[in-house]
Structures are given as structure tokens and as C-alpha cells.
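Trainee: Just dropping this structure here.
The values are calculated or read from the model by the stated rules, or taken from the named source; none is laboratory data. Computed from a prediction, not measured in an experiment: that's the story for all the values here. Glycine gets a Cβ as well: all are built from the backbone with ideal geometry, and neighbour counts include every protein chain shown. Remember, those area values only see protein heavy atoms, side chains included, never the ligands or the DNA or RNA. Shrake-Rupley method; radii C 1.70, N 1.55, O 1.52, S 1.80 Å.
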Amino acid sequence: MDAGAVGIILDLRRLMANTQSTRRPALVGATCNRGRALTLSFTLLTCVALLVPSGCGKRSKIEQDKQETASGADLNERAGELWKARAAEDCATMFLFEPTRGDEGVTEEEYINYCKNEEPFRVHDYEILDTVTEGDLGWVELNVSTSMRKFPSAAPVESHRWEKWHHINGEWMPVGSKDLTAYPDAPALRDRDAEAELRKRFDASWQARLDRDWPTLYDFIDPRDRDQVDSGVFADTHALFEYLSCDVHWVEVKGNAGVVYVTVHHKLNDPSLTKLPPRDATVREEWVRHDNEWYLDVRRGE
């Protein structure tokens, strides 16, 4: 983080000096402090997400590295190759699908050593039921039979899952465990009609940010939480930034919970920092449906 960003964080701390007693252990049974904690966590979450340039990370690289149209048939073939190797404990082939392999990641020797000596699960059988693709995103539906190596006498456990994949550098690869939250769940698990509604609400909230209309943006907060989010601190926090544009990567709705995964192009709104270039930050913006309307979910977004 650069010096300017550090300065903004310090300014934020001074701005919210009246919210010092916000550590969770001190909040048990304290209703008034709970409100202050919500305000502090929501505003800091917003600022830190925008200030840290690494927030756009791997997902932005994927978006910039779009390849030729990827097919479901290719994904089915790749997934079959990986799961065949898992069932056969073919560690060398499994390594070719390892997201962290490469110059800065795990070496083949390290991976094979882990695979043979430390991998806790054994794959007995598998069945690929379906593959679904949307652009560079893919999902594989599976039935899998596994057991734990520590308990060799235990019967295998049958499970059903959807595995996340992405198309990058010309081939399908499984999404690494550290990046799973940067990708939506399979379409079969989501409410696509509600996702279209949430996208419209997000677009309206984004227009309020472009217009610097903080009272309107404040009204997008869940009504059940507004008395616990100070409107002045909320406005002062967003006023620290000039929102320039955004790129919505995906929208996900499951039940009454929604996520908008978006890259925000912004700059710091401070005369002393005008020479700093605009920057991107990619964030998971949490939403909740209440009384048939979508609102920013400050509780889930803490």
C-alpha cells in the first residue's frame, strides 16, 4: 500500500474516533456498540477493498486473458482426464492440473510427495454427470466415492458436487481453493431470474456512486440495519473516492442472498493526491433480498 493510501486509512481512523470500542469480545450483549461496530466494519471494508491494489488480483488477469470460445466438450474431456488420474493416483498427471504449479508455486517434486504421502482422501470411483460452460467459466457435476486414508477400514462415502473450472491460457483448469470465492456457483444452484433483478439494483446503486449521491446510496442499505450505520460516516467514507467506472464479472443469487462480483475503477478524492493514478479493486459486494427488494447486506459483508 502506498503512502497516500496509508494516509487515508489514518484519516479514516480519526474520522471514526468515536467508534473505538468495537472489538467483538466487548460487543456481547451491547446493543449500542453493535451499531457502531456495523458502521465501522462496513466503512472500513469499503475503503480497504478500494485502497489495496492487489484486490483485483487473479480474477482480473483471467478477464483480460480471454481465449477463443471454450466448449463444454473440451471441459468434459479435461475433467475426465483429471478424475481418471485421481482415481488411479497418477500424481504426475494430477500435477498438470495443479493451479499453484509454476515458477512461484509448488514444484512437481513437492506435489508428488504430498500426493503420495499426505493427501488425506482416496478416490475410489467417480461419475461425471454434466458439464456447463459460460464464456471462460465452467462447472463439472460429479458423483464421487471417497474415503480417508487414516481409516482404511471405513466404507467409502458417496457425495455429489459441482466443481468450478475456468478457461485460461487456452485450456480448462480447475479453480484453486484460494480463488473459489472469485467464481460463482454452478447455474443449476442459482436463481437466474433474481440475478437479473439484482443486477438492475446494483446498476442503480452504481449510478448513485457516479452521481456522488450519498443519501440515495445510503437508502440501498438493508432497512433493518440503517439505524446501525451512521449516515454521516457512510457519506464521508464514500466521498474519499471518485468512482469512474465498473466491470461486473458476475452476479449470483441463492435464496435471499446475493453477490455482485465487480471491479471498481476509482481514484482517491484528495487534492494532495491528484498525481496518483486511478486504480482497480475487485470486490464481492454482498446483497440481501427483503420484502421483495434487494439491499446492500452490511451484516454479511462485515
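Trainee: Under a 1.4 angstrom probe, counting protein chains only, how are Arg289, Arg299 ranked by accessible area, largest first?
Mentor: Sorted by accessible area, descending: Arg299, Arg289.
Trainee: Name the shape class, rounded, prolate or oblate, that the alpha-carbon gyration tensor gives for segment 169-302, where a ≥ b ≥ c are the square roots of its eigenvalues, rounded holds for a/c under 1.5, and otherwise prolate holds if a/b is larger than b/c and oblate otherwise. Display every interim value, and only then the final one.
Mentor: Values: a/c = 2.15, a/b = 1.20, b/c = 1.79.
Verdict is oblate for segment 169-302.
Trainee: What's the magnitude of the charge dipole for segment 189-302 around its Cα centre, counting Lys and Arg as +1 and Asp and Glu as -1 at the beta-carbon? Answer in Debye, nearest 20.
Mentor: My answer is approximately 340 debye.
Trainee: Shifting gears a bit: For Arg101, list long-range residues whose amide hydrogen, built 1.01 Å from N in the peptide plane, is under 5 Å from its own amide hydrogen.
Mentor: Correct list: Val106.
Trainee: Assign unit charges at the C-beta atoms only (+1 for Lys and Arg, -1 for Asp and Glu), then state the dipole size of segment 138-208 relative to its Cα centre in Debye, rounded to the nearest 20. Mind showing how you got there, number by number?
Mentor: Values: 10 positive and 11 negative charges, 59 e Å.
Using Cβ point charges on Lys, Arg, Asp and Glu, segment 138-208 gives about 280 debye.
Trainee: May I pose another question? Rank Met148, Met94 by accessible area, highest first, at a 1.4 Å probe radius?
Mentor: On the way: Met148 80, Met94 25 Å².
These residues rank, largest area first, as Met148, Met94.
Trainee: Could you derive backbone 3J(HN,Hα) for segment 106-112 from the dihedral phi with the Karplus parameters 6.51, -1.76 and 1.60 (θ = phi - 60°), listing whole Hz in sequence and x where the residue is Gly or Pro?
Mentor: Along segment 106-112, the couplings run 5, 7, 4, 4, 5, 5, 5 Hz.
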